[in-house]
Amino acid sequence: MNGELTGTILIYLITLLLAYPLGRYMSKVFNGEKTLTGFMKPVEKFIFRISGINPAESMNWKQFLKAMLTINLLWLVYAFFLLVFQDKMPLNPDGNPGQSPDLAFNTSISFLVNCNLQHYSGESGLTYFTQLFVVTFLQFVSAATGIAMLMALLNAFKEKTVQHLGNFWNYFVKSVTRVLLPLSIIVAVILAFSGTPSGFAGKDTITTLQGDTMQVSRGPAAGMIAIKQLGTNGGGWFGTNSAHPLENPSYLTNAVETISILLIPIALVFMLGFYLNKRKLAKVIFGVMTFLFVIFCAINIYYETKGNPAIDKLGIAQTAGSMEGKEVRIGAAATALWSVATTSTSNGSVNGMHDSLTPISGGVVILDMMVNALYGGVGVGILNYFIFIIIAVFISGLMVGRTPEFMGHKVEAREVKIAALITLLSAFLIKGFTALAAYLVAHHPDIAWQVKPGAWLNNPSYHGFSEMLYEFTSANANNGSGFEGLGDNNIFWNVTTGFVLLIGRFLPIIAPIAIAGLLANKKFIPESPGTLRTDSGTFGVMTLAVIIIVTALSYLPALALGPIAEFFSL
Amino acid sequence: MKKNLLISLKLTGLMIILCAIIYPLLIAAVGTATPGGGNGETVSVDGKVVGYKNIGQRFTEDKYFSGRPSAVDYNAAGSAGSNKGPSNPDYLKIVQDRIDTFLVHNPGIRKEDIPADLVTASGSGLDPDISPASAFVQVKRVAAVRGLPETAVKELVDKHISKTILGPDVVNVLKLNMALDQLK
C-alpha cells in the first residue's frame, strides 16, 4: 500500500519534470524559434502551400474565431455521415452496424468538442475505419484547435496594444506536427511493446483452458490510445477505456498513460510563462491549480484505498481498498489519481469505473469537472481559468476601489458581463438538464419512449441522482467520462447531451477570445504603484477564492443531494 | 467565408492523411516487431492457443484457481464493469452471495480471509489478475480437488507472483492454471 502511494506521487513528479521542458519547447515552436523538430518544416510548408494558407497573415479575434468555427463545422458534418454509414465502408472485420442518427449526432459532436461521451461501446459501436477516420482524426484536430485558441489568448497580451492575434491555421498545423504527433508516436510505441494491439486483425475466437469458446476484440488501438490520453480527449478504443487489459496492460503503461493525461495541460501553463515572458504569472496560476488538484487527489486516494464501508460490514478483507470496478494490476491508489487527473483536465478516459467509486471520491470527480480549470483540457483549460481571472480582477478592483486591470488593459463592464455569463451558463446547463432528467425519472418513469426514464438508472436513490448529475456535468465540461451505469444510448440523452456538449465547448472558447480581443485593443496603461499585480500570491489567493465561491454557490446543493447524501447513508 | 471553407476542405484532407492513415500505419508497422506481432500476445499449451496473456478468462471448475467476478462473464468481444454504486442494496446482496458461495466451495476458510478483489467485479470484466492473497486463499481447495500436497500448490503460487516496482503484486490466473495442469 505504501508502495502504491509512493507510486502516485512519483507519477505526478515525473509529469512535472517532463512538462517544464515541454512548455519551454512549445513556447519556442509557437514563437517560430529553432527547435529539435525543425525537420517537420517541409511538411508544414507543404500543408500550407496545398491548403492555400499564408501562415504570416495575422487575424483579428473575429477572423480567428471564424476560421476555427468554419473548419469545426465541416468536421461535424463529415463525422456524422461517416458514423451513420460506417457499415458500408471498408475496415469493418467484425461486421459492426452503422450508428443510429441520434447516436451519430451525439458521437460526432462529442469527438468534435474534444470529448468522449461514447454512448456506444468501441468493440461493437464503431468500425476500424471510423475509429481511425473519425475518432483518431478528431482527437488530433480538436486538441490542436484548443492549443490554437490558447495562442490567440496569449497573443492578445504579448504586446502592449494589438489588433491581430496571429494565424489560426499556423498554430493549428504546428500543434499537430510539432506537439501532438511526435508525442503520440512515442507513447504509442511504448504501448505497442507493452501488449496493446496495433494490427488490423479482427475479433479472434479461441477455446479457453477450461474448454469454453471465447471471443477477443482487437484492432489498431495503440496509436489511438496515445492521442486520446495526450490530447485530453479520452475516448477509449475498447468499451471500458483504460481499465481494459489490452488498452492499459500493466502498471507501467498505467503510469505512462496517467502522465500523458496531465503532460500537455501542465506544460501549457509553463508555456504561458515562457511565451509571455511572465514566469511569475505562470507560477501563480500553476500554484492555484496544483493546490486544488493535490487536495482532490489526497481525498480520493484516501477514500479509495480505505475501501467501501458497506463492504467492510460484510466482514471480508478489504486490505487493497475498494476494488469494485477496479483492476488488480493498477490498484486503488493509482485509480484514484487517474480519476482526479482525468476530471481535472477534461480528459474523460478512465482506468476504473467511476460509477463504483466510493461516495466522496465520486463527488470530488464531479466537482472537479464543475471547476474544469485545474490544468484543464488542452488549450481550453487556461481559457476557462482566464474567465476566473477576469472575475477575480473585477472583484479585487471593487474591494480596493480601483478600475480593474489585467496586464495593462482596463477590464470594463462589457468584459466582466461576458465572463459572468459564462460562469452562470455552466451552472444553468448542468442543473437545468439534471433537474429535467430527475423530474422525468420521478414523475414520468413510464412514458412510452424507446427506453423509459424508469429504466435509465443502474442504481437507486442518491446514487441514481449522481448518475444523471455526472452525465450533464461531464457533457458541459467536455470531459466524457461517466457514471456508466446510466442507460444513455437513447434519444433523450443523445440529443440533450449533444446540445450541452456544443454549447459547453464553443461558448467558453468564444467568450475568452472575445474578452482578450477587446482588451488587447485598449490603450496600454503602464504599471504604477497603484496597480493590482496579477502575478502576486495575493492575487492567486483571490482567484482561488473566486473559484471556490463560484463553484460552491452554484453546485453544493446538487452535490448534497447526490454523493454527500450517499456518504452519510453508508 | 469562402476562403475559409476552401482552406478547411483542403486542410481537413491533409490532416486525415497524416493522422488517420500515415500515423496508424506507422504504429502498425512498428507493432509487427512486438511480441504477438501487433495483434495481441497469445499463450499456448502443446501448440494450441488457449488464451491471451493479458485477457482474463472464466474459471468455474474447482480444480482451477478462479479469477475475479466479471460483468461480461469474460466475453472479450465486449467489456464492462458492473457500474454498481457502493450503497446499492442489490449489489451488496450479490457480493454477500459470492462470499457465501466461496465459503461453500472452500471449506475451512474464514470469511475475514477472503480478499475483496475475489468477490467484487473488475473494471473491464476481463481482469487477468488476482492479488496474491486471493490466490493463497484458494490453495487449500485446489490442492484437495487435485489430490496434490498443499505445499506444492502454494509453491506454485509463490512462483507466479509478479512484482512491479511500486505497483501492486499480481498473479496472472491463466498462467497459474496452465502451470497447475502441468503439475503432476
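The values are calculated or read from the model by the stated rules, or taken from the named source; none is laboratory data. Computed from a prediction, not measured in an experiment: that's the story for all the values here. Please note: Cβ atoms are built from the backbone with ideal geometry, for glycine as well, and neighbour counts cover all protein chains shown.
With respect to B:F65, determine if the residue is over 30 Å from A:P359 (Cα atoms), buried (at least 19 other Cβ atoms within 10 Å of the Cβ), at pLDDT 95 or above and more than 7 Å from chain A (Cβ to nearest Cβ). Give the steps one after another, and end with the answer.
Working: over 30 Å from A:P359 (Cα atoms): yes; buried (at least 19 other Cβ atoms within 10 Å of the Cβ): yes; at pLDDT 95 or above: yes; more than 7 Å from chain A (Cβ to nearest Cβ): yes.
So B:F65 passes the test.
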Are any residues in the stretch B:51-78 more than 13 Å from B:P128 (Cα to Cα) and not aromatic (F, W, Y), and if so, which ones? B:T60, B:E61, B:D62, B:K63, B:A71, B:V72, B:A77, B:G78
Taking first residues from the stretch B:85-108 that are facing another protein chain (nearest Cβ under 7 Å) and second residues anywhere that are among the hydrophobic types (A, V, I, L, M, F, W, C) and assigned to a helix (DSSP H, G or I), the pairs with Cβ under 8 Å that are 6 or more apart or on different chains are B:P86/A:A310; B:P86/A:I311; B:S87/A:A310; B:L92/A:A310; B:L92/A:I311; B:V95/A:I311
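Could you tell me how many of the residues in the stretch A:441-480 are of a type in the set (A, V, I, L, M) and within 21 Å of A:A565 (Cα to Cα)?
Within the stretch A:441-480, the subset of a type in the set (A, V, I, L, M) is A:441-442, A:447-448, A:451, A:455, A:457, A:468-469, A:475, A:477.
Subsequent filtering for residues that are within 21 Å of A:A565 (Cα to Cα) retains A:441-442, A:457, A:468-469.
Of the residues in the stretch A:441-480, 5 are of a type in the set (A, V, I, L, M) and within 21 Å of A:A565 (Cα to Cα).
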With respect to A:G537, determine if the residue is over 17 Å from the mean Cα position of the chain (by Cα), modelled with pLDDT under 95, buried (at least 24 other Cβ atoms within 10 Å of the Cβ) and small (G, A, S). no
Mind counting the residues in the stretch A:311-341 that are touching a Pro at 6+ places or on another chain (Cβ under 6 Å) and either more than 7 Å from every other protein chain (Cβ to nearest Cβ) or over 18 Å from A:S250 (Cα atoms) (or both)? 1
Tell me yes or no: at least one residue of the stretch A:46-59 is within 24 Å of A:F133 (Cβ to Cβ) and in a loop (DSSP other than H, G, I, E, B). yes
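I need the full set of residues from the stretch A:208-231 which are of a type outside the set (A, V, I, L, M, F, W, C) and at the interface with chain B (Cβ under 8 Å from one of its Cβ atoms), in order please.
Pass one, the stretch A:208-231, residues of a type outside the set (A, V, I, L, M, F, W, C): A:208, A:210-213, A:215, A:217-220, A:223, A:228-229, A:231.
Selection gives A:T208, A:Q210, A:D212, A:Q215, A:S217, A:R218, A:P220, A:G223.
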Determine whether the stretch B:133-152 contains at least one residue that is in contact with a helix residue (DSSP H, G or I) (Cβ under 6 Å, 6 or more places away or on another chain) and either modelled with pLDDT under 95 or among the polar types (S, T, N, Q) (or both). yes
Subset of the stretch A:505-528 that is in contact with a Phe, Trp or Tyr (Cβ under 8 Å, 6 or more places away or on another chain) and small (G, A, S) - its residue that is surrounded by the most Cβ atoms within 10 Å (Cβ to Cβ): A:A516
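Name the one entry in A:N254, A:N241, A:N308 that is within 12 Å of chain B (Cβ to nearest Cβ), crowded, with 22+ Cβ neighbours inside 10 Å, among the polar types (S, T, N, Q) and at positive phi. Lay out the reasoning, then the answer.
On the way: A:N254 fails: at positive phi; A:N308 fails: at positive phi.
One residue alone meets the criteria, A:N241.
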Consider the stretch A:447-495. How many of its residues are modelled with pLDDT under 95, outside any loop (DSSP other than H, G, I, E, B) and surrounded by 24 or more Cβ atoms within 10 Å (Cβ to Cβ)? 0
A:S108 being within 19 Å of the chain's Cα centre (by Cα), within 21 Å of A:N490 (Cα to Cα) and either surrounded by 23 or more Cβ atoms within 10 Å (Cβ to Cβ) or at pLDDT 95 or above (or both): yes
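Within the stretch A:84-105, work out how many residues are crowded, with 16+ Cβ neighbours inside 10 Å and either in contact with a Gly (Cβ under 6 Å, 6 or more places away or on another chain) or within 14 Å of chain B (Cβ to nearest Cβ) (or both). Outline the logic, then answer.
Step one: filter the stretch A:84-105 for residues crowded, with 16+ Cβ neighbours inside 10 Å, giving A:84, A:86, A:91-92, A:94, A:96, A:98-100, A:102-105.
Among the residues that remain, those that are also either in contact with a Gly (Cβ under 6 Å, 6 or more places away or on another chain) or within 14 Å of chain B (Cβ to nearest Cβ) (or both) are: A:84, A:86, A:91, A:94, A:96, A:105.
Number of matching residues: 6.
Test B:T34 against the stated conditions and say whether it is more than 26 Å from A:K326 (Cα to Cα), of a type outside the set (A, V, I, L, M, F, W, C), without any contact (Cβ under 8 Å) to a residue 60 or more places away in the chain and in a loop (DSSP other than H, G, I, E, B).
Yes.
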Under the condition of being at the interface with another protein chain (Cβ under 7 Å from one of its Cβ atoms) and surrounded by 15 or more Cβ atoms within 10 Å (Cβ to Cβ), which residue from the stretch B:38-52 is farthest from A:P197 (Cα to Cα)? B:V50
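Okay, residues lined up against (1) loosely packed, with under 13 Cβ neighbours inside 10 Å; (2) out of contact with any Phe, Trp or Tyr (no Cβ under 8 Å at 6 or more places or on another chain); (3) among the aliphatic types (A, V, I, L, M); (4) at pLDDT 95 or above:
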position: A:I395; (1), (2), (3), (4): no, yes, yes, no
position: A:V400; (1), (2), (3), (4): yes, yes, yes, no
position: A:E405; (1), (2), (3), (4): no, yes, no, no
position: A:G408; (1), (2), (3), (4): no, no, no, no
position: A:A419; (1), (2), (3), (4): no, no, yes, yes
position: A:T434; (1), (2), (3), (4): no, no, no, yes
position: A:A438; (1), (2), (3), (4): no, no, yes, yes
position: A:V441; (1), (2), (3), (4): no, no, yes, yes
What helices (runs of 4 or more DSSP H) lie completely within the stretch A:266-362 and have 2 or more residues being among the hydrophobic types (A, V, I, L, M, F, W, C) and without any contact (Cβ under 8 Å) to a residue 24 or more places away in the chain? A:279-306
Filtering the stretch A:29-45 down to residues that are in a helix (DSSP H, G or I) and touching a residue at least 60 places away in the same chain (Cβ under 8 Å), which residue is surrounded by the fewest Cβ atoms within 10 Å (Cβ to Cβ)? A:N31
Of all the residues that make up the stretch B:79-94, how many are in contact with a Leu (Cβ under 9 Å, 6 or more places away or on another chain), within 27 Å of B:I55 (Cβ to Cβ) and surrounded by fewer than 21 Cβ atoms within 10 Å (Cβ to Cβ)? 0
Counting only residues that are of a type in the set (D, E, K, R), more than 9 Å from every other protein chain (Cβ to nearest Cβ) and buried (at least 20 other Cβ atoms within 10 Å of the Cβ), give me the helices (runs of 4 or more DSSP H) lying completely in the stretch B:111-184 with at least 1 of them. B:132-146
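Take A:G236 and decide whether it is in a loop (DSSP other than H, G, I, E, B), surrounded by fewer than 24 Cβ atoms within 10 Å (Cβ to Cβ) and more than 7 Å from chain B (Cβ to nearest Cβ). Please lay out each step first, then the result.
Details: in a loop (DSSP other than H, G, I, E, B): yes; surrounded by fewer than 24 Cβ atoms within 10 Å (Cβ to Cβ): no; more than 7 Å from chain B (Cβ to nearest Cβ): yes.
In short, no.
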Can you list residue pairs whose Cβ atoms sit under 6 Å apart, with the first residue in the stretch B:155-183 being among the hydroxyl-bearing types (S, T, Y) and the second being assigned to a helix (DSSP H, G or I) and at pLDDT 95 or above? Count only pairs 6 or more apart in sequence or on different chains. B:T164/A:Y251
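One line per residue, one yes/no per condition, for (1) within 23 Å of the chain's Cα centre (by Cα); (2) modelled with pLDDT under 95; (3) not basic (K, R):
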residue	(1), (2), (3)
A:I503	yes, no, yes
A:A511	yes, no, yes
A:I515	yes, no, yes
A:F524	no, yes, yes
A:G530	no, yes, yes
A:T551	yes, yes, yes
A:F567	no, no, yes
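Evaluate the following for A:I71: is it crowded, with 16+ Cβ neighbours inside 10 Å, away from every other protein chain (no Cβ under 14 Å) and in contact with a helix residue (DSSP H, G or I) (Cβ under 7 Å, 6 or more places away or on another chain)?
Details: crowded, with 16+ Cβ neighbours inside 10 Å: yes; away from every other protein chain (no Cβ under 14 Å): no; in contact with a helix residue (DSSP H, G or I) (Cβ under 7 Å, 6 or more places away or on another chain): yes.
Considered against the rule, which asks whether it is crowded, with 16+ Cβ neighbours inside 10 Å, away from every other protein chain (no Cβ under 14 Å) and in contact with a helix residue (DSSP H, G or I) (Cβ under 7 Å, 6 or more places away or on another chain), A:I71 comes out as no.
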